[in-house]
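Notes follow the structure.
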Amino acid sequence: MKSYRKQLWFEVRTRRAFINITGQVQQCLRESGIQEGLALVNAMHITASVFINDDESGLHHDYDLWLEKLAPHEPVSAYRHNVGEDNADAHMKRQIMGREVVVAVTGGQLDFGTWEQIFYGEFDGRRRKRVLVKIIGE
Ligand code: ZN
């Protein structure tokens, strides 16, 4: 069995953003040389997500409003976590959008359903953060 590991780095200038990372994961898969197996992609920070959905700007706007309703950033003082920091909402947004995805690898390709793309979800940006890509198979 082959094993491949790579870290992808992101530095988002805004507090929140959704970034399509499908191309970067496909590049990792090409580098791995793996034809059949599984690809794990996970955020390495507790205020960021990796998730799969549609690359549609209206949907991303809707996600942002929905997450702000569920866990508004302001007022910062509403959260007990925010003693000396201001990112309690980002922890909650990450929780609901998820830590990782696993995608089947078939014939050297990411074996997606219709319209599926992989996204990095940033909820407390303006600093360098990592995503882990681990691919196993043969
Ligand atoms: Zn925190």
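The values are calculated or read from the model by the stated rules, or taken from the named source; none is laboratory data. This one's a predicted model, so the numbers in the text were calculated from it and none came from an experiment. Positions of Cβ are backbone-derived with ideal geometry, glycine not excepted, and every protein chain shown enters the neighbour counts. To get the accessible areas, we keep the full protein, side chains included, count just its heavy atoms, and leave off ligands, DNA and RNA. Shrake-Rupley method; radii C 1.70, N 1.55, O 1.52, S 1.80 Å.
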Practice item. State, to one decimal in nm, how far the label point of residue 76 lies from the label point of residue 15, with both points 7 Å from Cα in the Cβ direction. Key: 0.9
Revision key, fill the gap. With all protein chains in place and a 1.4 Å probe, residue 100 shows an accessible area in Å² (nearest 10) of 80
Check your understanding: Taking the alpha-carbon set of the chain, what are its Rg and Dmax in Å?
Key -> 16.1, 51
Study note, to complete from the structure: Cross-link reach from residue 6 to lysines, straight Cα distance under 17 Å and at least 8 residues apart if same chain, gives 129, 134
